[in-house]
Amino acid sequence: MPRTRDQNEAIRDKRRTDILNAAMRLFANRGYDNVSSDDITKAAGCSHGLFYHYYKNKEDVLKDLFEQSKAGCKDTIKSIIESNSRAIDALIALEKSLTSAIMRDQKSAYSIFLAFSVPLSKSFSKSKPDKKFLFFFIDLIERAQKEGDIVPCDANAVGNTFHFFILGLCYSKTRYKNLDLNYLADNGSLIHLLQTKKD
């Protein structure tokens, strides 16, 4: 009995997902420059023909991973912001969520690294950085200042610092496989440094 259109679509989605998952693991463990399209096909257990049916090259795969990572991170951020009425609570929850995910494993760290990165390649020209996504932190800092929970400071500078702090953690976790970042769970909060003292 021939497969239905839905069954064929499910098979195509699974094959593409297998390629993306294999590429994410390899890029996270070895770095993008040290992975070839051939490495991805072997890790995904697919033929070269199947790989090139979905992607022109590994850069095309990275573009899909970038969009996927950005969308996933954006959904997480939106959910946390919507579930916290005060900006300070959202900031603390966001920092904890991001650092916990980075500490969990290299794949998660690499995914967050992609989400927080601005594409540098010409082939990524259609993937413009989403300003609202990249600067969500600045908006929350400004709100927390208005609510009296954060000391007066340059919200733009703090937002950029947080952005690069996250990128640095991601880079460290993917570059140094045995790096222990667990101390950040209790002692590494940028937000606590900015909080006003309550009597």
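Each residue of the range 54-63 is assigned a 3J(HN,Hα), and the resulting list reads 9, 9, 6, 6, 5, 5, 5, 5, 4, 4 Hz, derived from the Karplus form 6.51 cos²θ - 1.76 cosθ + 1.60 (θ = phi - 60°), x at Gly and Pro.
The phi-based Karplus calculation (6.51 cos²θ - 1.76 cosθ + 1.60; θ = phi - 60°) puts the 3J(HN,Hα) values of the range 151-157 at 5, x, 7, 7, 4, 5, 5 Hz, whole numbers, x for Gly and Pro. Taking amide hydrogens as placed 1.01 Å from N in the peptide plane, the amide H of residue 150 sits under 5 Å from those of 145, 196, each at least 5 positions away in sequence or on another chain. Highest mean first, the peptides 35-43, 153-161 sorted by other C-beta atoms within 10 Å per residue fall in the order 35-43, 153-161.
No value in this document is a laboratory result; all are computed from the given coordinates. These numbers come from a predicted model, not from an experiment. Cβ: placed from backbone, ideal geometry, glycine included. Neighbour counts: every protein chain shown.
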